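Here the structure is laid out as structure tokens; the discussion comes afterwards.
The values are calculated or read from the model by the stated rules, or taken from the named source; none is laboratory data. Owing to the predicted nature of the structure, the values given are computational and were not obtained by experimental measurement. Virtual Cβ from ideal backbone geometry, glycine too; neighbours counted across all protein chains shown.
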Amino acid sequence: MCHTPYTTCSLKSARGFSLVEIMIGVAIGLLTILVIMQLFVDYEGQKRTTTSGADAQGNGQIALLTMERDLRVAGYGIADSAALGCKTNSSYNGVTQPARPLVPVRITDGARSDTVRVLYSASSHGAITRKITVDHPPQSAVIFINSTVGMAPDDLVIAFEPGKDCTLMQVTLVDNGLPKLHHQSTSPWNPPGGQNIFPKPNGYAKGALLFNFGSLVDRTYRVDANKNLEAFDFSTQATEVLADNIVNIQARYGIAPAGSQSVIEWVDAAGVWADPPPADIKRIKAVRIAVVARSSLREKPGPDGVCNATPVAPVSWPGGPKVDLTDDPDWQCHRYKVYETIAPLRNVLWANL
């Protein structure tokens, strides 16, 4: 505004943005936000893929390491090869358990995923075999042996005599005087009088063997319906989930010729190897195992509506079969990682079983 009377001024009125300018500014702002949000969405998708992939790798490595660790000590405590394959009878809380063969490793070939059972002694004295010194009738709850060194209450022991079934029982009392062991019905593993688990009609004769497994490890690894790797521990009757998003286990026996320690072929647990006789159990020197881990993230389908995160099913090991994932109709929407290794059965090799 002019304040002097001697000066001629031209007055201009102040004006703001027009409606068109505001609309252009809003449009530019919206486009910028859309670009930023698209970048954010892409980044988050990549981050989720990377994170879920890292989780799958961790789960697969943990699963394989846990199984391999058990496989490498399988068979510890089975000090007499004549006992291999012996049908072991037992009873838990008065219920007769399914007979389980006395073997270091037993693979069960599943329709899609295999199961792997591992057995070994957790006792520092597990490799020492005792002899039964007095006939042990089925109704007796006391067993006389040549030595009780290293034995303690709660130890799980297995009696064996050629031509008879084996028997799993639990020590309730150690008597060092005679020496002898008590396996009273106060333990959940010992039925009254042992009548459900001891061979009929005479039980075990003098000279039969007794294996002290201590804290027996009899563990079965399997994949449950929720894609978890779980371990069933027969000695504690407990099931533990070890890793999630494990979709498949594949396993094979490494077989050596009779009298040899060198593996010459790999076989599935099918046919004669589904339930091998003792002579063939001695030929199993290693186990080849593969664990298939899955990312938890379900990737989005492509523009055609088809998932292509994993267009082709992975293989168990180089030259091995493809892994069957068809129990999940959306299996192609996930990413997979296969971990595989060969575990030598070193206790079998050292014992030359």
| task | Just name the residue that is farthest from residue 328 (Cα to Cα) out of those in the range 109-122 that are in contact with an Asp or Glu (Cβ under 7 Å, 6 or more places away or on another chain) and in a loop (DSSP other than H, G, I, E, B). | result | 109
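Which residue is nearest to residue 58 (Cα to Cα), if the candidates are limited to the range 227-244 and must be hydroxyl-bearing (Ser, Thr, Tyr) and surrounded by fewer than 19 Cβ atoms within 10 Å (Cβ to Cβ)? Spell out the reasoning first.
Our first condition is that a residue be hydroxyl-bearing (Ser, Thr, Tyr); within the range 227-244, this holds for 235-236, 239.
Going one step further and asking which of them are surrounded by fewer than 19 Cβ atoms within 10 Å (Cβ to Cβ), we end up with 236, 239.
Numbers: 236: 27, 239: 21 Å.
For the range 227-244, the residue satisfying everything is 239.
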| message | Could you check the range 213-245 and list, in sequence order, the residues that are among the polar types (S, T, N, Q), more than 21 Å from residue 100 (Cβ to Cβ) and touching a residue at least 60 places away in the same chain (Cβ under 8 Å)? | response | 245
| Test set (1) loosely packed, with under 13 Cβ neighbours inside 10 Å; (2) of a type in the set (Lys, Arg); (3) under 26 Å from the mean Cα position of the chain (by Cα) - residue 222 fails condition number | (1)
| request: Please find, within the range 71-86, the residue that is modelled with the lowest pLDDT out of those that are buried (at least 20 other Cβ atoms within 10 Å of the Cβ) and part of a helix (DSSP H, G or I). | output: 83
| remark: residue 230 fails exactly one of (1) under 19 Å from residue 65 (Cβ atoms); (2) assigned to a loop (DSSP other than H, G, I, E, B), namely (2)
| request: Sort out which residues of the range 318-353 are free of Cβ contacts under 8 Å to residues at least 40 places away in the same chain and closer than 22 Å to residue 256 by Cβ, and write them in order of number. | output: 318, 319, 350
| Residues located in the range 139-173, provided they are surrounded by 14 or more Cβ atoms within 10 Å (Cβ to Cβ) and of a type in the set (D, E, K, R) | 155, 161, 164, 165
| message | Restricting to the range 174-208, give me the number of residues that are surrounded by fewer than 14 Cβ atoms within 10 Å (Cβ to Cβ) and of a type in the set (Lys, Arg). | response | 2
| request: With the checklist (1) in contact with a His (Cβ under 9 Å, 6 or more places away or on another chain); (2) aliphatic (A, V, I, L, M); (3) closer than 25 Å to residue 74 by Cα; (4) surrounded by fewer than 16 Cβ atoms within 10 Å (Cβ to Cβ) in hand, flag the one item residue 99 doesn't pass. | output: (1)
| Filtered residues of the range 126-160 (kept if acidic (Asp, Glu) and not in a loop (DSSP other than H, G, I, E, B)) | none
| task | Check whether at least one residue in the range 164-179 is assigned to a loop (DSSP other than H, G, I, E, B), in contact with a Ser or Thr (Cβ under 6 Å, 6 or more places away or on another chain) and not β-branched (Val, Ile, Thr), and report yes or no. | result | yes
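Could you list, in sequence order, the residues of the range 30-65 that are farther than 22 Å from residue 302 by Cα, of a type outside the set (S, T, N, Q) and modelled with pLDDT of 80 or more?
Restricting attention to the range 30-65, the residues satisfying the condition of being farther than 22 Å from residue 302 by Cα are 30-33, 36, 54-65.
Narrowing the set further to residues that are of a type outside the set (S, T, N, Q) leaves 30-31, 33, 36, 54-56, 58, 60, 62-65.
Selection gives 30, 31, 33, 58, 60, 62, 63, 64, 65.
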